[in-house]
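Q: Submitted below is the structure of interest, expressed as structure tokens.
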Amino acid sequence: MDFSTIRNLITRYCTGEESWVDSRTIYIGHKEPPPGTEAYIPQRFPDNRIVSSKYTFWNFIPKNLFEQFRRIANFYFLIIFLVQLIIDTPTSPMTSGLPLFFVITVTAIKQGYEDWIRHKADNAVNQCPVHVTQHGKVVRKQSQKLRVGDIVQVKEDETFPCDLILLSTSREDGTCFVTTASLDGESSHKTYYAVQDTKAFNTAEEVDTLHATIECEQPQPDLYKFVGRINIYLDRDEPIARPLGSENLLLRGATLKNTEYIHGNK
């Protein structure tokens, strides 16, 4: 087992994600499968909150100082300053201490301001209102409070707040158009497809009646690769299994175009 594999396992465990399986099972709308069909195995997943900042209020000073003194030049002048303090030298410690203090202080202020800007941007995204289908009605939630299994409604020109499996759209053929310029720089409209057996569930009341589970691979960095399966229960003991691919996956940060609305499962 190489270092990257160990690091991925530790990251998944610390974020609360099930780390000992190669796939994940998602229950659409948080509904358990019908009795006698398949075992209900709840899994823990991280929330939808994004954090792009480096520091917090509590760790800013020690973490910033550690990062600055990792630089060879800063560490060198720190040693010189300490030597001048401890040993009687012909030059004053202030000759090396003051410039070092000035550089460290200015850099800390600059990095602290930049991180404060990142905190503001994160809060704006995390608190952005999102429409979620619950009990046949569309309610509003903050983006950071989305949970895996929520059925999300996204309207035209809105950005997807999370990765979504496309269940249905306002179009009869179950297609929608998306721009991924913020992800890969391509401004052309791309076509995505709803699952054939769920595209008829195109209202909040209808999609709330859907009983299905999704089995898919763990998150991975390739934007154009996705493998999964959806099991749909339609008044029968045995589910209808349909494959899922990248054409069914709406990526976070992409924008819905030329389509009134879509329903997708986080």
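Only the coordinates and a few stated rules stand behind these numbers; no lab work does. Predicted model, so just to flag it, every value in this text is computed and none were measured. Here the Cβ is made from the backbone with ideal geometry for all residues, glycine too, and neighbour counts use every protein chain on show.
Q: Give me the one-decimal nm value for the distance between modelled label points at Glu186 and Arg140, 7 Å along each residue's Cα-to-Cβ direction.
A: Label-label distance for Glu186 and Arg140, simple model: 3.5 nm.
Q: Moving on. Using θ = phi - 60° and the Karplus form 6.51 cos²θ - 1.76 cosθ + 1.60, what ³J(HN,Hα) does each residue of the stretch 192-197 get, whole Hz, x for Gly and Pro?
A: Result, ordered by residue: 10, 10, 6, 4, 4, 8 Hz.
Q: Please sort through the DSSP H helices of the chain and keep those with an alpha-carbon extent of at least 27 Å along the long axis and a Kyte-Doolittle average not below -0.5.
A: Those that clear 27 Å and a mean of -0.5 are 94-126.
Q: Expressed as a whole percent, how much of the Cα-Cα distance distribution for the stretch 60-125 exceeds 16 Å?
A: On the way: 1181 of 2145 pairs.
Every Cα pair in the stretch 60-125 considered, those over 16 Å come to 55 percent.
Q: Something else: Quick one: Karplus J couplings for the stretch 240-251, per residue in order, coefficients 6.51, -1.76, 1.60, θ = phi - 60°, nearest Hz, x for Gly and Pro?
A: Using θ = phi - 60°, the values come out as 8, 9, 10, x, 10, x, 5, 6, 9, 10, 9, 8 Hz.
Q: Once you order the gyration tensor axes a ≥ b ≥ c over the Cα atoms, which shape class does the stretch 163-252 get: rounded for a/c under 1.5, otherwise prolate or oblate by comparing a/b with b/c?
A: The shape class here is oblate.
Q: Less than 23 Å apart at the alpha-carbon level, and either on another chain or at least 8 residues along: which lysines does that give for Lys31?
A: Lys137, Lys141, Lys145, Lys199, Lys266
Q: Calculate one ³J(HN,Hα) per residue across the stretch 208-220 by plugging θ = phi - 60° into the Karplus curve 6.51 cos²θ - 1.76 cosθ + 1.60, and present them in order as whole Hz with x for glycine and proline.
A: Along the stretch 208-220, the couplings run 6, 8, 6, 10, 7, 10, 10, 10, 8, 6, 5, x, 9 Hz.
Q: With no solvent and one point per C-alpha, what does the Debye sum give as log10 I(q)/I(0) for the stretch 152-192 at q = 0.17, 0.18, 0.20, 0.30 Å⁻¹?
A: Treating every Cα as an identical point scatterer, log10 I(q)/I(0) equals -0.48, -0.54, -0.67, -1.32.
Q: Determine Rg/Rh for the chain; Rg is computed over alpha-carbon atoms and Rh is the Kirkwood hydrodynamic estimate from the same atoms.
A: Numbers: Rg = 25.3 Å, Rh = 21.9 Å.
Looking at the chain, the ratio lands at 1.16.
Q: Between Cys128 and Glu67, what is the FRET efficiency for a Förster distance of 30 Å, r being their Cβ-Cβ separation, to the nearest 0.05?
A: 0.45
Q: Only counting other Cβ atoms within 10 Å, I'd like Leu167, Leu234 sorted with the fewest neighbours first.
A: Leu234, Leu167
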